[in-house]
1. Return a yes/no flag: does the stretch 83-91 have any residue that is at pLDDT 95 or above, under 13 Å from the mean Cα position of the chain (by Cα) and either under 25 Å from residue 156 (Cβ atoms) or not basic (Lys, Arg) (or both).
2. Scanning for something in a strand (DSSP E or B), over 13 Å from the mean Cα position of the chain (by Cα) and without any contact (Cβ under 8 Å) to a residue 24 or more places away in the chain, does the stretch 101-109 turn up at least one residue?
3. Considering the stretch 114-157 alone, what residues qualify as being touching a residue at least 40 places away in the same chain (Cβ under 8 Å), in a loop (DSSP other than H, G, I, E, B) and surrounded by 13 or more Cβ atoms within 10 Å (Cβ to Cβ)?
4. Any idea how many residues of the stretch 61-75 are surrounded by fewer than 20 Cβ atoms within 10 Å (Cβ to Cβ) and within 16 Å of the chain's Cα centre (by Cα)?
5. For residues that are touching a residue at least 24 places away in the same chain (Cβ under 8 Å) and part of a loop (DSSP other than H, G, I, E, B), scanning just the stretch 46-60, find the one that is nearest to the chain's Cα centre (by Cα).
6. Do we have residue 183 as closer than 26 Å to residue 65 by Cβ, at pLDDT below 90, not polar (S, T, N, Q) and not in a strand (DSSP E or B) here?
7. Looking at the stretch 34-45, can you tell me whether even one residue there is small (Gly, Ala, Ser), part of a strand (DSSP E or B) and in contact with a strand residue (DSSP E or B) (Cβ under 8 Å, 6 or more places away or on another chain)?
8. From the residues in the stretch 34-58 that are surrounded by fewer than 20 Cβ atoms within 10 Å (Cβ to Cβ) and either of a type in the set (D, E, K, R) or modelled with pLDDT of 95 or more (or both), which one is nearest to residue 74 (Cα to Cα)?
Amino acid sequence: PVFIFPAHIACLKSVAIGGHLLASGSADELIKLYDIKKRKELGTLMHHSGKCTITSMEFYGKTHMVSVADDGKLCIWRTKDWECLRELKGHTGAINCVSVHPSGRIALTVGADRTLRSWDLTVGGKLSATKLRQAADLIRWSPSGAQYAVLTGRKIDIYNVAVRSWQSLSHGACLYTNVLTVCWYTRMHK
């Protein structure tokens with residue numbers, strides 16, 4: 001290996017990459033930061049409270065990152081100096097995943113409280129909350145921002161923002177475990 005650092009003392013739960021920056025989140029309540037271009041550790045963020053697990057992170061633009069944890073908080077970080085600009089609370093339990101719209105203006109979160117919440121990242125406030133039938137594991141915006149996917153166990157719900165409609169995709173009994181991730185395929189035009 002070319003670049004090795006002992007990252008965390010607990011299980012790694014989330015990794016995010018943005019340009020030359022890499023962030024790793026763990027069950028040890030820490031976010032570790034690395035410059036992968038220079039192959040060096042930059043430091044540690046410790047804003048989430050208590051004995052919590054960092055469950056999801058995402059860089060957006062070239063200037064910000066969001067992180068969520070099982071403490072129920074969404075933190076907005078400025079990457080220039082790693083200041084936590086906002087700490088947003090809305091979920092009544094753990095936040096399982098965060099996804100930022102391609103515009104960088106809106107984030108969606110899903111939590112153990114069986115809600116999908118939308119957040120205004122420009123002013124740092126709540127927009128809306130939608131009750132789900134069960135707690136979702138993952139949420140992902142499409143690259144165009146026209147749709148987002150919500151992953152719950154073996155089911156993927158695709159929401160079309162323009163027409164405000166859901167389409168469900170379900171893996172049948174042949175799948176013995178839950179779906180773990182979602183990836184959008186975008187066709188490249190020549």
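1. No; the residues of the stretch 83-91 include none that is at pLDDT 95 or above, under 13 Å from the mean Cα position of the chain (by Cα) and either under 25 Å from residue 156 (Cβ atoms) or not basic (Lys, Arg) (or both).
2. no
3. 121, 124, 136, 137, 142, 145
4. Narrowing the stretch 61-75 to residues surrounded by fewer than 20 Cβ atoms within 10 Å (Cβ to Cβ): 61-64.
Among the residues that remain, those that are also within 16 Å of the chain's Cα centre (by Cα) are: 61, 64.
Residues flagged as surrounded by fewer than 20 Cβ atoms within 10 Å (Cβ to Cβ) and within 16 Å of the chain's Cα centre (by Cα) within the stretch 61-75 amount to 2.
5. Going residue by residue through the stretch 46-60, those that are touching a residue at least 24 places away in the same chain (Cβ under 8 Å) are 47-49, 53-60.
Pick out the ones that are also part of a loop (DSSP other than H, G, I, E, B) and you get 47-49, 53.
Working: 47: 16, 48: 15, 49: 18, 53: 13 Å.
Looking at residues that are touching a residue at least 24 places away in the same chain (Cβ under 8 Å) and part of a loop (DSSP other than H, G, I, E, B), I get 53.
6. Yes; evaluated as a whole, the condition is true for this residue.
7. Yes, some residue in the stretch 34-45 is small (Gly, Ala, Ser), part of a strand (DSSP E or B) and in contact with a strand residue (DSSP E or B) (Cβ under 8 Å, 6 or more places away or on another chain).
8. 51
The values are calculated or read from the model by the stated rules, or taken from the named source; none is laboratory data. In this text the structure is predicted, and so the values were computed from the model without any measurement. As a convention, Cβ positions derive from the backbone with ideal geometry for all residues, glycine included, and neighbour counts pool all protein chains shown.
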